[in-house]
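Undergrad: Below you will find the structure I want to go over with you.
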Amino acid sequence: MNLETHLAGQAEDVKQVILRISDVAKTIRGGFATRQGASDASNVYGEQQAAMDVWADELLISELRDSGLVRYVASEERPDMLTFQDSTSDLGVTIDPLDGSSLIGVNLAVGTIVGIYRGNLLSPGNEMLGAMYILYGPLTTLTYSLREGVHEFALNDRGVFCLQEENITIPEGKIYAPGALRRDYLPAHRAFIEKLEEEGYKLRYSGSFVADVHQILHKGGVFTYPPFAGNERGKLRLLFEAIPMGFIVSQAGGSASDGRRDLLSIKPEEVTQRVPVYIGGKREIELIVNMNKE
Ligand code: AHM
Ligand code: MG
């Protein structure tokens, strides 16, 4: 079954937005060979943008603008939310055009992360319509959830996203993907990591959030980019990274937290907000929440 057929029955505007983004993903997929290296620009977080970051951002924004299907768009690569005044739609979309882009030059998997809202983008994740991500690895896969399961598609050699796995649920598993420097860990997080290590969790961390969470979704365990000495809000972005990926893993029977609260209950105050991230199995998330209470 292809993606379009699978989306039958969903609201037409939401379906079309997902299909348009899936088409842009095919273009992005084809751009890596000729767009290696850095751009000469930095984003609002002070990070130098890769040529692919800038290109993917422009492709996605112009597709969403031209579609007329979306009123609000926020991108990790832009400081401000965009409002398309010409659109009569009330859909809002968040995008991380190319997450993990520091890995492009070493040919590891990177991805596009999307959150979909009815109205205000600065809403808690538990009010979002759905989320999706595209992973550019040996295969290009698209994973989406519109609150009715988590489903994954793979791009075939005819350029069609075909169903690969329906109703994905996160299994129990012993993988941990810990961001930040160990020397900067705060006490509860240090105890959490030591407990996982005592229990025999294996390290699997690539530096690409979307790829690392994808692995956890399929194999179980936990991804974390914790609060750390010098930055108690962690590194990852609430709106562009944490909420959409946390939503998908939660829809697959897992859980997402900032270490204390359900990540999907946090109302973003600004588009650039950072948040500590724990995403994975319910057991692992309960463990860090309890350790933070001690
Ligand atoms: P970005 O590539 O969209 O800027 O995202 C930030 C990346 C995440 O993909 C990843 O989890 C994290 O930053 C890696 O950070 P670090 O290099 O500190 O491990
Ligand atoms: Mg990112």
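Undergrad: Among the strands (runs of 3 or more DSSP E) contained in region 118-187, which hold 1 or more residues that are within 16 Å of ligand 1 (Cβ to nearest atom), within 23 Å of Ser101 (Cβ to Cβ) and among the hydrophobic types (A, V, I, L, M, F, W, C)?
TA: The qualifying strands (runs of 3 or more DSSP E) are 130-136, 175-178.
For every residue, the table says whether it meets (1) open to solvent by 10 Å² or more (accessible area, probe 1.4 Å); (2) in contact with a Lys or Arg (Cβ under 8 Å, 6 or more places away or on another chain); (3) not aliphatic (A, V, I, L, M).
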residue	(1), (2), (3)
Ser75	no, no, yes
Met81	yes, no, no
Phe84	yes, yes, yes
Gly105	yes, no, yes
Gly125	no, no, yes
Thr140	no, yes, yes
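Undergrad: Please state which of the following conditions Ile266 fails to meet, knowing it meets all the rest: (1) out of contact with any strand residue (DSSP E or B) (no Cβ under 6 Å at 6 or more places or on another chain); (2) closer than 13 Å to Ile175 by Cβ; (3) β-branched (Val, Ile, Thr).
TA: Condition (2) is where Ile266 drops out.
Undergrad: Still on this model: Take the residues in region 237-258 that are open to solvent by 10 Å² or more (accessible area, probe 1.4 Å) and part of a loop (DSSP other than H, G, I, E, B); name whichever of them is nearest to ligand 2 (Cβ to nearest atom).
TA: Across region 237-258, the extreme among qualifying residues is Asp258.
Undergrad: Among the residues of region 93-101, is there at least one that is more than 16 Å from ligand 2 (Cβ to nearest atom) and in the same structural domain as Glu152 (by TED's automatic domain parsing)?
TA: Checked region 93-101: no residue is more than 16 Å from ligand 2 (Cβ to nearest atom) and in the same structural domain as Glu152 (by TED's automatic domain parsing).
Undergrad: Report, by residue number, each residue of region 30-65 that is at pLDDT 95 or above and more than 17 Å from Gly105 (Cβ to Cβ).
TA: Correct list: Gly30, Asp57, Glu58, Leu59, Leu60, Ile61, Ser62, Glu63, Leu64, Arg65.
Undergrad: Can Val213 be described as in contact with a strand residue (DSSP E or B) (Cβ under 7 Å, 6 or more places away or on another chain), over 25 Å from Gly149 (Cβ atoms) and not in a loop (DSSP other than H, G, I, E, B)?
TA: no
Undergrad: Considering every residue within region 262-278, establish whether at least one is more than 25 Å from Leu146 (Cα to Cα) and in contact (Cβ under 8 Å) with a residue 60 or more places away in the chain.
TA: no
Undergrad: Continuing with this model, one more query. Only one of Val110, Val17 is open to solvent by less than 10 Å² (accessible area, probe 1.4 Å), of a type in the set (Val, Ile, Thr), farther than 29 Å from Tyr205 by Cβ and not assigned by TED's automatic domain parsing to the domain that holds Asp212; which?
TA: Numbers: Val110 fails: farther than 29 Å from Tyr205 by Cβ.
Checking each option against the conditions leaves just Val17.
Undergrad: Moving to a separate point now. Taking only pairs six or more apart or across chains, which ones have beta-carbon atoms under 7 Å, a first residue in region 34-60 that is touching a residue at least 12 places away in the same chain (Cβ under 8 Å) and outside the structural domain of Ile21 (by TED's automatic domain parsing), and a second residue that is acidic (Asp, Glu) and open to solvent by 80 Å² or more (accessible area, probe 1.4 Å)?
TA: Close Cβ pairs satisfying both conditions: none exist.
Undergrad: Can you find, within region 69-92, the residue that is farthest from ligand 1 (Cβ to nearest atom) among those that are among the small types (Gly, Ala, Ser) and in a strand (DSSP E or B)? Give the steps one after another, and end with the answer.
TA: Within region 69-92, the first condition is being among the small types (Gly, Ala, Ser), and the residues that meet it are 74-75, 87, 89, 92.
The next check asks that each one be in a strand (DSSP E or B); those that pass are 74-75, 92.
Details: Ala74: 14, Ser75: 11, Gly92: 20 Å.
Ranking the candidates gives Gly92 first.
The values are calculated or read from the model by the stated rules, or taken from the named source; none is laboratory data. None of the values given here were measured: they were computed from a predicted structure. Methodologically, a virtual Cβ is constructed for each residue, glycine included, from the backbone with ideal geometry; neighbour enumeration extends over all protein chains shown. Protein only, heavy atoms only, side chains kept; ligands, DNA and RNA dropped before computing areas. Shrake-Rupley method; radii C 1.70, N 1.55, O 1.52, S 1.80 Å.
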